[in-house]
Every structure is written in C-alpha cells, then in structure tokens.
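Chemist: The structure under discussion is supplied below as structure tokens; questions concerning it will follow.
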Ligand code: RFL
Ligand code: PHB
C-alpha cells in the first residue's frame with residue numbers, strides 16, 4: 001500500500017495535521033497504537049490560544065467549539081492569600097483564551113476525519129519507521145496479527161513524548177535539552193461548579209494549586225505534589241482539604257467538593273529536541289517538545305507545529321520545492337523556545353521549590369509583587385499567555 005504522508009499518532013497534533021493536509025488534497029494515513037476510546041478518555045489540556053481556535057475554525061472543526069467553548073477574558077493569580085486579576089483582554093488589546101477540553105478537540109477532529117473518509121488505523125501494534133533518510137520511506141505495523149507495510153513520501157511523527165519516531169533517529173543527529181522539575185501535579189476532574197468563572201493560579205507556601213474547569217458544571221483542579229506520591233495516597237477528602245488550604249478565604253469558603261471522576265499525577269518537565277526534521281521524518285507536538293503545564297502551552301504548540309508542517313508539505317507538493325521542507329524546523333523552534341521560556345517562567349514563579357531556600361522564596365515573592373504592580377510586566381505575561389503569533 002502507498003500514501004503520501006503517514007502520520008504516527010492520533011492525538012491533537014496528528015489529527016490537526018491530517019485535516020490540514022486533507023483540505024489541501026494530500027492523502028494521509030494515521031496509525032495510532034491505542035483505541036479510539038482510550039485516546040478520547042485522556043484528560044489533558046483545557047486552555048486554547050486564539051491562534052489554536054482560529055486554526056480549528058479554519059479546518060472546519062469549530063462548530064461545537066463556538067457553541068460550548070468558554071471565552072475567558074482574564075484569569076487570577078493568588079499569593080499571600082489575595083487574588084489579583086490579569087485582564088488578558090485589556091492588556092493585549094482584545095485577545096481572549098478559550099476553555100474547551102482536549103477531549104472535545106480530539107472528538108471534533110476524529111469526527112471530521114471520519115466524515116471525509118480519510119483512513120485511520122487504531123490499535124496498530126509495533127509501528128516502526130524506515131528509510132526516512134532516503135526519498136522512499138516505509139512504515140511497518142501489525143494489526144490483528146497481520147503485518148502491513150506502507151510506502152510514503154513523508155512520515156509525520158506526532159506520537160507524543162514516549163513515541164517511536166524520535167527514538168528512531170540516530171543519536172548523533174539529534175540534540176536534547178531537558179529540565180525535570182522536583183514535583184508533579186495531582187489533577188482531579190469532578191462534577192462540581194467551578195470555584196470562580198475564571199481560572200485561579202495559586203502560589204502558596206504548601207505548594208502551587210490551580211482551579212480550572214471544563215464547563216459551568218465540571219471542575220478541573222490541581223495541586224502541586226511530591227514526585228513520590230501515588231494517587232492511592234490521595235483519597236478525595238484529603239485532596240479537597242489540601243486544595244482548600246491553599247486557596248484564599250473567599251475561594252476556600254465557596255469551594256464545592258464532590259467525588260472525583262478522574263484523578264492522576266503528572267510529572268513536570270521541559271524538553272526540546274533539535275532539529276525537528278530528519279530527512280523525510282518530521283516531529284511535531286509532544287514528540288518534539290514538552291512544556292510544564294503551568295503556561296497551558298502544550299496543545300497550543302502542537303497546533304502551531306502542524307500549521308508550519310502543513311505549509312512546508314503543501315509548499316513541497318505544489319512547487320516540488322525542497323526549500324519549503326527546510327523551513328519547518330527553524331520556524332517551529334523559534335516559537336517552541338518562546339513557549340518553553342514562558343512555561344518555565346510561570347512554573348518558577350508559582351511553585352514551591354524544595355531547594356529554593358529563604359532567599360529564593362523572597363525573590364519569588366518580590367517577582368509576584370512586581371508583576372501585579374507593573375503594567376509592563378502584566379503586558380508581557382498577558383501577551384505570552386494568549387499566545388505569540390504564528
Ligand atoms: P499526544 O496527545 O500525546 O498524542 C500522541 C499520540 O500518539 C500515540 N502513540 C503512538 N501511536 C502509534 N505508535 C506508537 N509507537 C505510538 N506512541 C504513541 C499516543 O497513543 C497518542 O494518541 O501528543 P500531541 O498530539 O503532540 O498533543 C500534545 C498534547 O496532548 C499535550 O501537549 C497537552 O495535553 C499538554 N497539556 C496542556 N496543553 C495546553 O495547551 N493547555 C493546557 O491547559 C494543558 N494542560 C497538558 C495540560 C498536559 C497535562 N498532562 C497530563 C501532561 C495538563 C496536563 C495535566
Ligand atoms: C486545565 O484546565 O487542565 C489547565 C488549565 C490551565 C493550565 C493547565 C491545565 O495552565
């Protein structure tokens with residue numbers, strides 16, 4: 001069998017790329033190791049930049065997002081027991097973010113792919129990529145005990161941080177940059193009314209907390225936890241007590257608790273590979289970079305990567321122009337490093353670092369004070385939070 005582009009991974013990066021290429025008349029096959037249901041059940045991102053919303057609209061998957069997405073004109077930062085509002089809309093001259101779950105983005109994209117008849121193989125086992133340093137790459141996989149081989153022009157590695165594509169690149173051709181943080185996020189999804197209409201990011205001596213949401217009746221909240229913690233050590237009651245203890249008085253007194261419907265621990269990491277292209281293999285999204293979730297940038301970076309990748313591939317097919325392919329990695333990496341810097345900075349500003357010491361703590365408090373009292377600092381925060389242009 002043969003197709004033009006094999007996309008490995010049916011997360012947001014792979015699905016958005018599939019839709020962008022379909023609209024340009026380029027054939028794709030998506031290979032995903034998990035089932036459709038498994039992919040749809042993964043609770044992850046919640047905040048979309050305007051650029052990501054625009055891209056989803058442009059590729060024809062914006063109908064439900066327009067109806068159900070919650071436009072947020074700002075968010076709050078809480079420290080020293082007081083909340084400070086960051087008016088994103090005013091600080092950026094009219095830009096908002098949209099709260100709409102990654103599960104919903106994924107569902108909309110999967111539905112659009114099914115509607116246009118493009119091929120996806122779920123539960124594809126032992127996916128492997130070959131010959132991407134030549135003009136005729138090949139992808140192999142097993143499905144229901146049968147071995148398959150697909151010849152293609154290009155391979156898009158959209159297979160996340162643990163995927164096979166990045167690992168298939170010879171060690172001498174790739175450089176990795178990494179910072180691992182000494183804590184994780186314990187996240188809970190609950191059918192409870194959110195604490196506030198906007199997100200609250202909390203800096204507290206007991207550790208960071210975040211009150212987010214998926215809808216007016218569905219809360220998504222997080223507390224900073226130890227990397228040694230296990231979910232079983234956090235029964236609902238302990239979780240809610242801990243979250244409440246980190247909130248300001250008003251938020252704590254209105255916090256509505258209820259049974260968790262999902263609870264998980266995620267470690268925090270910053271990670272980038274350079275370059276993001278190896279001959280005819282392109283990495284996009286979490287396969288190429290990870291940001292700590294504090295800046296809400298992961299899914300949004302996946303969107304800008306595949307936007308650039310689609311432009312390179314469309315440029316190649318329309319003009320048979322190899323130069324269009326060369327632009328992919330440098331264009332992505334410029335924006336990736338900006339988001340890495342911002343996510344690292346938000347993480348440093350808001351978390352409790354065990355090794356910071358008293359000096360580090362005072363510096364963090366000074367930075368928070370400066371931030372909420374300086375129009376220049378607020379503008380910089382807002383400009384990055386709503387997303388740099390692409
Ligand atoms: P994904 O979503 O991991 O999808 C990769 C897909 O590839 C499949 N796969 C394979 N398929 C075939 N063969 C193999 N060998 C394969 N290996 C893997 C996987 O099964 C999967 O389906 O990567 P993608 O598409 O690059 O999308 C990235 C985003 O998922 C990620 O960046 C965000 O979820 C990060 N993130 C957030 N991003 C935001 O923009 N805003 C947020 O508010 C936000 N909050 C978050 C987050 C991530 C979190 N966690 C759990 C790390 C909050 C959390 C807690
Ligand atoms: C979420 O709603 O899951 C969420 C929101 C903002 C973040 C991270 C996660 O920075």
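Chemist: Mind sorting 308, 316 by how few other Cβ atoms lie within 10 Å of their own Cβ, fewest first?
Modeler: So the residues, fewest neighbours to most, are 316, 308.
Chemist: Could you state the orientation-averaged shadow area of the convex hull built on the Cα atoms of the stretch 238-390, in nm² to one decimal? Provide the component values of the computation, followed by the final result.
Modeler: Values: hull surface 51.5 nm².
Mean projected area of the Cα convex hull: 12.9 nm².
Chemist: So for the stretch 326-390, what percent of the C-alpha to C-alpha distances run longer than 20 Å?
Modeler: Numbers: 852 of 2080 pairs.
Here the tail beyond 20 Å accounts for 41 percent of pairs.
Chemist: Summing -39500 (n - 2.57) over the DSSP H runs of n ≥ 4 in the chain and dividing by its residue number, what mean residue ellipticity at 222 nm do you reach, to the nearest 500 deg cm²/dmol? Walk me through the intermediate numbers first.
Modeler: Details: 14 runs with 152 residues, N = 390.
Calculated mean residue ellipticity at 222 nm is -12000 deg cm²/dmol.
Chemist: So for each of 233-240, 333-340 I average, over its residues, the number of other beta carbons within 10 Å; can you give me the resulting order with the highest mean first? List each step's numbers first, then the result.
Modeler: Details: 233-240: 14.4, 333-340: 18.9.
Going by the mean number of other Cβ atoms within 10 Å, highest first, we get 333-340, 233-240.
Chemist: Based on the Cβ-Cβ distance from residue 353 to residue 162, what FRET efficiency comes out when R0 is 30 Å, to the nearest 0.05?
Modeler: On the way: r = 26 Å, r/R0 = 0.88.
It comes to 0.70.
Chemist: In addition: For the stretch 227-299, which semi-axes, largest first and in whole Å, follow from the square roots of 5 times the eigenvalues of its Cα gyration tensor? List each step's numbers first, then the result.
Modeler: Numbers: eigenvalues 269, 41, 23 Å².
Result for the stretch 227-299: semi-axes of 37, 14, 11 Å.
Chemist: To continue, here is another question. For the stretch 177-218, what size does the Cα cloud have along each of its three principal axes, sorted from largest down, in whole Å?
Modeler: The principal-axis extents, from largest down, are 38, 23, 15 Å.
Chemist: Here is a further query. Could you give the radius of gyration (one decimal) and Dmax (whole number) of the Cα atoms in the chain, in Å?
Modeler: Every Cα atom of the chain included, Rg and Dmax give 21.3, 63 Å.
Chemist: Next question, about the same structure. Roughly how many nanometres apart are two label points built 7 Å out from the Cα toward the Cβ at residue 82 and residue 143?
Modeler: With each label placed 7 Å out from Cα toward Cβ, I get 6.0 nm.
Chemist: Starting at 0 and stepping by 5 Å, how many percent of the alpha carbon pairs of the stretch 207-265 end up in each bin?
Modeler: Bin by bin from 0 Å, the calculated values are 4, 16, 31, 29, 14, 5, 0.
Chemist: So for the pair residue 269, residue 171, with labels modelled 7 Å out along Cα→Cβ, what separation do we get in nm?
Modeler: Each label point lies 7 Å from its Cα, and together they span 1.7 nm.
Chemist: Using the count of nearby Cβ atoms within 10 Å as a rough guide to exposure, how do 37, 369, 274 rank from fewest to most?
Modeler: Details: 37 8, 369 13, 274 16.
If I rank by nearby Cβ atoms, fewest first, I get 37, 369, 274.
Chemist: Ok, one more. Obtain the nm distance between the two label points defined at residue 128 and residue 71 by a simple spin-label model: each point lies 7 Å from its Cα along the Cα-to-C-beta direction.
Modeler: Reported label-point gap for residue 128 and residue 71 is 5.2 nm.
Chemist: Then there is this: Would you please put 156-167, 88-99 in order of how densely packed they are, using the mean number of other Cβ atoms within 10 angstrom per residue and starting with the highest?
Modeler: On the way: 156-167: 22.1, 88-99: 17.9.
Result, highest mean Cβ count within 10 Å first: 156-167, 88-99.
Chemist: Right, something else. In what sequence do 202, 138 fall when counting other Cβ within 10 Å, fewest first?
Modeler: Details: 202 25, 138 17.
Ordered from fewest to most neighbouring Cβ atoms within 10 Å, 202, 138 come out as 138, 202.
Chemist: Which value does Rg/Rh take for the stretch 1-105 over its C-alpha atoms, Rh per Kirkwood?
Modeler: Numbers: Rg = 17.4 Å, Rh = 16.0 Å.
A ratio of 1.09.
Chemist: On a full-extension model of 0.36 nm per residue, what is the gain between residue 261 and residue 90, subtracting their alpha-carbon distance, rounded to one decimal in nm? Don't skip to the end; give the middle numbers.
Modeler: On the way: separation 171, 0.36 × 171 = 61.56 nm, distance 3.57 nm.
That pair, residue 261 and residue 90, stretches by 58.0 nm at full extension.
Chemist: To the nearest 0.05, what FRET efficiency results for residue 375 and residue 233 with a Förster distance of 41 Å applied to their C-beta separation? Kindly include the intermediate steps, with their values, before the conclusion.
Modeler: Details: r = 43 Å, r/R0 = 1.06.
Calculated value: 0.40.
Chemist: Hey, could you get me the Stokes-Einstein D for the stretch 143-272, Kirkwood radius over alpha-carbon pairs, 37 °C and 0.692 mPa s, rounded to whole µm² s⁻¹?
Modeler: On the way: Rh = 17.7 Å.
In µm²/s, the coefficient rounds to 186.
Chemist: In Å³ and rounded to a whole number, note down the convex hull volume per residue for the Cα atoms of the stretch 63-132. Display every interim value, and only then the final one.
Modeler: Numbers: hull volume 16.9 nm³, N = 70.
Residue-normalised Cα hull volume stands at 242 Å³.
Chemist: If you find the alpha carbon centre of the stretch 256-331 and of the stretch 173-202, how far apart are they in angstrom?
Modeler: So the two Cα centres are separated by 18 Å.
Chemist: Right, something else. Where Rh denotes the Kirkwood radius from the mean inverse Cα pair distance, what is Rg over Rh for the stretch 99-165?
Modeler: Working: Rg = 14.3 Å, Rh = 14.0 Å.
On the Cα set of the stretch 99-165, Rg over Rh gives 1.02.
FYI, it's all coordinate maths here, none of it is from the lab. Every value quoted in this text rests on a predicted model; they were computed, and no experiment measured them. Neighbour counts run over all protein chains shown; Cβ positions are idealised from the backbone, glycine included.
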